[in-house]
1. With the structure loaded, tell me whether Glu65 is open to solvent by 50 Å² or more (accessible area, probe 1.4 Å) and either out of contact with any Gly (no Cβ under 7 Å at 6 or more places or on another chain) or modelled with pLDDT under 95 (or both) or whether it fails that test.
2. Mind listing just one residue for me: the one in the stretch 84-117 that is in a loop (DSSP other than H, G, I, E, B) and in contact with a strand residue (DSSP E or B) (Cβ under 6 Å, 6 or more places away or on another chain) and, of those, modelled with the highest pLDDT?
3. For Arg138, work out the one condition from (1) open to solvent by 30 Å² or more (accessible area, probe 1.4 Å); (2) at pLDDT 95 or above; (3) among the basic types (Lys, Arg) it doesn't fulfil.
4. For the stretch 39-57, give me the residue count where each residue is crowded, with 17+ Cβ neighbours inside 10 Å and part of a loop (DSSP other than H, G, I, E, B).
5. Checking Tyr70 against (1) open to solvent by 60 Å² or more (accessible area, probe 1.4 Å); (2) modelled with pLDDT of 95 or more; (3) of a type in the set (Ser, Thr, Tyr): exactly one of these is not met. Which one?
6. On the given criteria, is Ala36 within 20 Å of Asn101 (Cβ to Cβ), assigned to a helix (DSSP H, G or I), out of contact with any strand residue (DSSP E or B) (no Cβ under 9 Å at 6 or more places or on another chain) and at pLDDT 95 or above?
7. Among the listed residues Ala78, Ala112, identify the single one that is open to solvent by less than 40 Å² (accessible area, probe 1.4 Å) and more than 22 Å from Ile46 (Cβ to Cβ).
Amino acid sequence: MKKLMLVLIVSVCCTAFTMNASAQQADQATADAVIAMVKAQWAAEIKDPTNVPEQTKDMSDDYTEFNGDYATRLDGKAMNSRLTEAAGKASGKTIAADMANPKVQVYNGNVAILTYNYVGMTQDKDGKTEPNRAKSTRVYVIKGDKWILVHANFGADPRPKQ
């Protein structure tokens, strides 16, 4: 009887370990996919700031956003697309974009929250460059078989005082 109990306990532990390892692999695949989507969006912006459909292809129609430029929440992909289109006509352009300290938290396999510090560089019409910084959060959900961006919050990340 004791041997049977020992075998059952070992079997349960092995199953739990295998399930945990499998969940971690799935979470890592989700993290990789979500981060790749953000980097693809930035690459599309750098390549052609006026190609709004490419920049917003992973955005839900009911997308919402908070950012430091507006005092209120921005509602909908359509509104965001209009603002992105207008920004694409500005004389300055993004020439580099990346993320520092990315962290993806996955919940129930269908919600992913990405937080990171945005580090980028813009160039004005005269060729002068200036760094851009932000504290960023993006929320993704699975719709069908695709991760879709449903909300983002981009906050100021002021330079540390020296």
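1. Values: open to solvent by 50 Å² or more (accessible area, probe 1.4 Å): no; either out of contact with any Gly (no Cβ under 7 Å at 6 or more places or on another chain) or modelled with pLDDT under 95 (or both): yes.
For Glu65, the condition - open to solvent by 50 Å² or more (accessible area, probe 1.4 Å) and either out of contact with any Gly (no Cβ under 7 Å at 6 or more places or on another chain) or modelled with pLDDT under 95 (or both) - is not met.
2. Within the stretch 84-117, the subset in a loop (DSSP other than H, G, I, E, B) is 88-92, 108-110.
Filter once more, so that each one left must be in contact with a strand residue (DSSP E or B) (Cβ under 6 Å, 6 or more places away or on another chain): 92, 110.
Working: Gly92: 86, Asn110: 96.
So, considering only residues that are in a loop (DSSP other than H, G, I, E, B) and in contact with a strand residue (DSSP E or B) (Cβ under 6 Å, 6 or more places away or on another chain), the one modelled with the highest pLDDT is Asn110.
3. Just one mismatch for Arg138, condition (1).
4. Going residue by residue through the stretch 39-57, those that are crowded, with 17+ Cβ neighbours inside 10 Å are 41-42, 44-45, 49, 52, 55-56.
Imposing the further condition that a residue be part of a loop (DSSP other than H, G, I, E, B) reduces the set to 49, 56.
Number of matching residues: 2.
5. (2)
6. On the way: within 20 Å of Asn101 (Cβ to Cβ): yes; assigned to a helix (DSSP H, G or I): yes; out of contact with any strand residue (DSSP E or B) (no Cβ under 9 Å at 6 or more places or on another chain): yes; at pLDDT 95 or above: yes.
Yes; evaluated as a whole, the condition is true for this residue.
7. Numbers: Ala78 fails: open to solvent by less than 40 Å² (accessible area, probe 1.4 Å).
Exactly one residue qualifies, and that residue is Ala112.
The values are calculated or read from the model by the stated rules, or taken from the named source; none is laboratory data. From a predicted model like this one, the values you see are computed outputs, not experimental measurements. Glycine also receives a Cβ, built like all others from the backbone with ideal geometry; neighbour counts cover every protein chain displayed. Areas reflect the complete protein model, heavy atoms only, side chains present, ligands, DNA and RNA absent. Shrake-Rupley method; radii C 1.70, N 1.55, O 1.52, S 1.80 Å.
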